[in-house]
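Asks: Please find one structure pasted underneath; my questions will follow.
The values are calculated or read from the model by the stated rules, or taken from the named source; none is laboratory data. Bear in mind the structure is a predicted one, so any value in this text is a computation, not a measurement. Neighbour counts are summed over all protein chains in view; Cβ atoms, including those assigned to glycine, are modelled from backbone coordinates with ideal geometry.
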């Protein structure tokens with residue numbers, strides 16, 4: 001019998017009541033598609049056994065290194081510091097020196113072209129155990145399933161490029177200052193107006209870096225005396241931003257609405273620690289699409305709980321803006337929710353728009369407060385003019401203001417590609433996580449030896465993939481993460497699937513026990 005675990009909406013099942021509307025049923029049906037097949041027992045057992053062997057051998061080799069029976073190939077502290085500043089003795093360092101660095105050739109490849117459907121990767125070699133690499137001056141072309149180029153705007157031809165080049169000629173490549181010190185150009189104001197209009201909020205503010213949009217702005221929104229409730233799988237930028245606030249932080253199980261409600265109820269009842277005074281503010285931090293799971297937030301339920309417990313919502317749409325919804329307006333449009341029910345909408349331009357930077361959209365008072373308090377606005381160099389123009393040009397295509405349907409065609413192609421690729425992987429017998437609508441498709445590898453093997457075998461077949469392990473995922477849930485793009489043709493995807501099928505048989509990766517639909 002196959003057991004599945006779900007991203008929970010209530011108890012994970014949809015039960016219709018007389019008051020349930022057709023829209024509610026549609027949302028519940030969509031959530032029901034988001035099933036995560038449980039790891040077969042024998043796979044979990046062998047995976048744990050593999051890591052057990054790795055740890056035993058790793059400790060033996062550490063012993064040999066300490067006693068100089070084996071050459072030390074890792075950075076070490078100065079001999080006078082070892083007893084006082086043990087920089088490299090925690091578990092993650094142990095894991096990295098005994099596994100991560102052994103397969104470092106599977107990560108961090110420099111590329112020599114635009115990250116389109118196909119790209120050129122620089123070939124390199126190492127003679128110091130993977131610490132540094134030498135380039136042979138050669139490149140190789142791969143099918144790209146690793147870049148966040150969801151709508152295919154990362155390209156070196158077309159109107160976006162032409163407008164970005166024009167912006168360089170007119171404005172230069174840098175503003176050479178922060179927004180509050182003569183670093184604001186007409187392009188920034190135009191872009192902020194477009195963002196606000198696109199997402200349906202009164203105002204918006206943009207920043208030059210997506211990571212900093214979270215990490216530097218959340219501290220400007222909540223502080224001591226506030227409660228920040230975060231999904232346990234939130235991105236590192238959200239985690240860092242939360243830690244910098246000084247607010248109390250509580251987490252809830254990923255997409256588990258029952259657990260979120262328990263956390264909210266307890267917080268409201270008990271109030272602040274020691275004083276038990278009411279919280280000044282309760283902020284729920286969630287993501288639209290979770291980039292390692294491929295899952296979608298259960299936004300309708302989060303909104304319901306937000307209203308019930310008088311909280312606020314901070315929604316990170318880095319992976320969903322442009323990629324979800326009939327017109328690319330993200331997870332809010334995907335579920336048919338009211339934009340006014342989401343207090344703060346954050347997104348980045350690094351994925352769907354083929355550029356860099358991020359934005360926050362909200363009420364005029366919130367945006368005004370960020371302009372006055374955000375370190376990313378007051379101190380960081382403002383967004384580069386050609387980057388701002390690239391985003392503007394992308395928006396114009398998505399919104400149809402260029403007089404074509406190119407933008408909408410890209411959105412529909414991405415949705416078709418994501419659904420097709422995910423369904424084909426399942427038919428081949430792989431365990432796949434996430435939602436059918438998600439452009440991120442995680443395929444489970446589990447066993448440590450297969451992380452590097454899968455990447456290397458796919459490279460032999462000219463397909464570039466991302467393999468992910470601890471600490472980015474739970475230690476026994478290593479995976480390959482495919483990123484779909486509207487630039488991928490059906491022929492490209494079929495060729496990649498044929499290679500994945502071949503490697504899956506070679507490495508024994510077809511773990512699924514689900515019946516093929």
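Asks: Going by the structure shown, is residue 224 on the phi < 0 side of the Ramachandran plot and out of contact with any helix residue (DSSP H, G or I) (no Cβ under 9 Å at 6 or more places or on another chain)?
Replies: Working: on the phi < 0 side of the Ramachandran plot: yes; out of contact with any helix residue (DSSP H, G or I) (no Cβ under 9 Å at 6 or more places or on another chain): yes.
The answer is yes for residue 224.
Asks: From the set of residues in the range 400-411 that are closer than 27 Å to residue 441 by Cβ and over 21 Å from the mean Cα position of the chain (by Cα), which is surrounded by the fewest Cβ atoms within 10 Å (Cβ to Cβ)?
Replies: Kept after step one, since they are closer than 27 Å to residue 441 by Cβ, are these residues of the range 400-411: 405-411.
Checking the rest, the ones that are also over 21 Å from the mean Cα position of the chain (by Cα) come to 405-409.
Details: 405: 11, 406: 17, 407: 23, 408: 16, 409: 13.
Result: 405.
Asks: Looking at 393, 380, can you tell me which residue is in contact with a strand residue (DSSP E or B) (Cβ under 9 Å, 6 or more places away or on another chain), touching a residue at least 24 places away in the same chain (Cβ under 8 Å), closer than 27 Å to residue 166 by Cα and surrounded by 15 or more Cβ atoms within 10 Å (Cβ to Cβ)?
Replies: Working: 393 fails: in contact with a strand residue (DSSP E or B) (Cβ under 9 Å, 6 or more places away or on another chain).
The unique qualifying residue is 380.
Asks: Quick check on residue 499: is it more than 16 Å from residue 143 (Cβ to Cβ), touching a helix residue (DSSP H, G or I) at 6+ places or on another chain (Cβ under 9 Å) and crowded, with 17+ Cβ neighbours inside 10 Å?
Replies: Numbers: more than 16 Å from residue 143 (Cβ to Cβ): no; touching a helix residue (DSSP H, G or I) at 6+ places or on another chain (Cβ under 9 Å): yes; crowded, with 17+ Cβ neighbours inside 10 Å: yes.
Considered against the rule, which asks whether it is more than 16 Å from residue 143 (Cβ to Cβ), touching a helix residue (DSSP H, G or I) at 6+ places or on another chain (Cβ under 9 Å) and crowded, with 17+ Cβ neighbours inside 10 Å, residue 499 comes out as no.
Asks: Still on this structure, I have one more. Determine, yes or no, whether residue 163 is crowded, with 16+ Cβ neighbours inside 10 Å and part of a helix (DSSP H, G or I). Working first, answer last.
Replies: Details: crowded, with 16+ Cβ neighbours inside 10 Å: yes; part of a helix (DSSP H, G or I): yes.
Judged against the criteria, residue 163 is a match.
Asks: For the range 355-367, how many residues are in contact (Cβ under 8 Å) with a residue 60 or more places away in the chain and over 15 Å from the mean Cα position of the chain (by Cα)? Please lay out each step first, then the result.
Replies: So the first thing to find is which residues in the range 355-367 are in contact (Cβ under 8 Å) with a residue 60 or more places away in the chain, and the list is 355-364, 366-367.
Going one step further and asking which of them are over 15 Å from the mean Cα position of the chain (by Cα), we end up with 355, 359-364, 366-367.
The total comes to 9.
Asks: Please go through the range 495-509 and give me each residue that is part of a helix (DSSP H, G or I) and either closer than 21 Å to residue 146 by Cα or not assigned by TED's automatic domain parsing to the domain that holds residue 480 (or both), ordered by number. Give the steps one after another, and end with the answer.
Replies: Residues of the range 495-509 that are part of a helix (DSSP H, G or I), as a first pass: 495-507.
Once the filter is applied, which keeps residues that are part of a helix (DSSP H, G or I) and either closer than 21 Å to residue 146 by Cα or not assigned by TED's automatic domain parsing to the domain that holds residue 480 (or both), the range 495-509 yields 495, 496, 497, 498, 499, 500, 501, 502, 503, 504, 507.
Asks: Then there's this: Taking the criterion of being assigned by TED's automatic domain parsing to the domain that holds residue 482 and within 30 Å of residue 305 (Cα to Cα), would at least one residue in the range 426-433 satisfy it? Talk me through it step by step, then tell me what you get.
Replies: Initial filter on the range 426-433 (assigned by TED's automatic domain parsing to the domain that holds residue 482): 426-433.
Of the ones still in play, those that are also within 30 Å of residue 305 (Cα to Cα) are 432-433.
So far as the range 426-433 goes, yes, one or more of its residues are assigned by TED's automatic domain parsing to the domain that holds residue 482 and within 30 Å of residue 305 (Cα to Cα).
Asks: Moving to a separate point now. Is one or more of the residues making up the range 301-315 surrounded by fewer than 20 Cβ atoms within 10 Å (Cβ to Cβ) and under 17 Å from the mean Cα position of the chain (by Cα)?
Replies: no
Asks: Could you please give the count of residues in the range 438-454 that are more than 20 Å from the chain's Cα centre (by Cα) and within 20 Å of residue 498 (Cα to Cα)?
Replies: 4
Asks: Is there a residue in the range 191-213 that is surrounded by fewer than 19 Cβ atoms within 10 Å (Cβ to Cβ), outside any helix (DSSP H, G or I), on the phi > 0 side of the Ramachandran plot and assigned by TED's automatic domain parsing to the domain that holds residue 272?
Replies: Yes, there is a match, as at least one residue in the range 191-213 is surrounded by fewer than 19 Cβ atoms within 10 Å (Cβ to Cβ), outside any helix (DSSP H, G or I), on the phi > 0 side of the Ramachandran plot and assigned by TED's automatic domain parsing to the domain that holds residue 272.
Asks: Of all residues in the range 333-349, which are within 30 Å of residue 155 (Cα to Cα) and either surrounded by fewer than 20 Cβ atoms within 10 Å (Cβ to Cβ) or free of Cβ contacts under 8 Å to residues at least 60 places away in the same chain (or both)? Give the steps one after another, and end with the answer.
Replies: Going residue by residue through the range 333-349, those that are within 30 Å of residue 155 (Cα to Cα) are 333-334, 345-349.
Within the range 333-349, just 333 meets the criteria.
Asks: Further question on the same structure: With the requirement that a residue be crowded, with 17+ Cβ neighbours inside 10 Å and either modelled with pLDDT of 85 or more or in a loop (DSSP other than H, G, I, E, B) (or both), what does the range 84-108 give you?
Replies: Within the range 84-108, 99 is the sole residue that qualifies.
Asks: Moving on to the next point. May I ask you to list the residues in the range 467-494 that are outside any loop (DSSP other than H, G, I, E, B), over 12 Å from residue 444 (Cα atoms) and in contact with a strand residue (DSSP E or B) (Cβ under 7 Å, 6 or more places away or on another chain)? Break it down stepwise before answering.
Replies: Of the range 467-494, the ones outside any loop (DSSP other than H, G, I, E, B) are 467-468, 478-483, 490-494.
Of the ones still in play, those that are also over 12 Å from residue 444 (Cα atoms) are 483, 490-494.
483, 492, listed by residue number.
Asks: Among the residues of the range 166-175, write down those that are outside any helix (DSSP H, G or I) and either closer than 13 Å to residue 391 by Cβ or touching a helix residue (DSSP H, G or I) at 6+ places or on another chain (Cβ under 7 Å) (or both).
Replies: Step one: of the range 166-175, the residues outside any helix (DSSP H, G or I) are 172-175.
Across the range 166-175, the qualifying residues are 172, 173, 175.
Asks: Next up: Just to be sure before I move on: is residue 234 crowded, with 19+ Cβ neighbours inside 10 Å, out of contact with any helix residue (DSSP H, G or I) (no Cβ under 9 Å at 6 or more places or on another chain), in contact (Cβ under 8 Å) with a residue 40 or more places away in the chain and not in a helix (DSSP H, G or I) in the structure I sent?
Replies: Working: crowded, with 19+ Cβ neighbours inside 10 Å: yes; out of contact with any helix residue (DSSP H, G or I) (no Cβ under 9 Å at 6 or more places or on another chain): no; in contact (Cβ under 8 Å) with a residue 40 or more places away in the chain: yes; not in a helix (DSSP H, G or I): yes.
Here the answer is no, as residue 234 does not meet what is asked.
Asks: So which of 512, 438 is touching a strand residue (DSSP E or B) at 6+ places or on another chain (Cβ under 7 Å), farther than 26 Å from residue 318 by Cβ, in the same structural domain as residue 110 (by TED's automatic domain parsing) and part of a loop (DSSP other than H, G, I, E, B)?
Replies: Answer to the check: 512.
Asks: OK, next. Do we find that residue 178 is surrounded by fewer than 19 Cβ atoms within 10 Å (Cβ to Cβ), in contact with a helix residue (DSSP H, G or I) (Cβ under 7 Å, 6 or more places away or on another chain) and either within 27 Å of residue 336 (Cβ to Cβ) or assigned by TED's automatic domain parsing to the domain that holds residue 418 (or both) in this structure?
Replies: Details: surrounded by fewer than 19 Cβ atoms within 10 Å (Cβ to Cβ): yes; in contact with a helix residue (DSSP H, G or I) (Cβ under 7 Å, 6 or more places away or on another chain): yes; either within 27 Å of residue 336 (Cβ to Cβ) or assigned by TED's automatic domain parsing to the domain that holds residue 418 (or both): no.
Answer is no for this residue.
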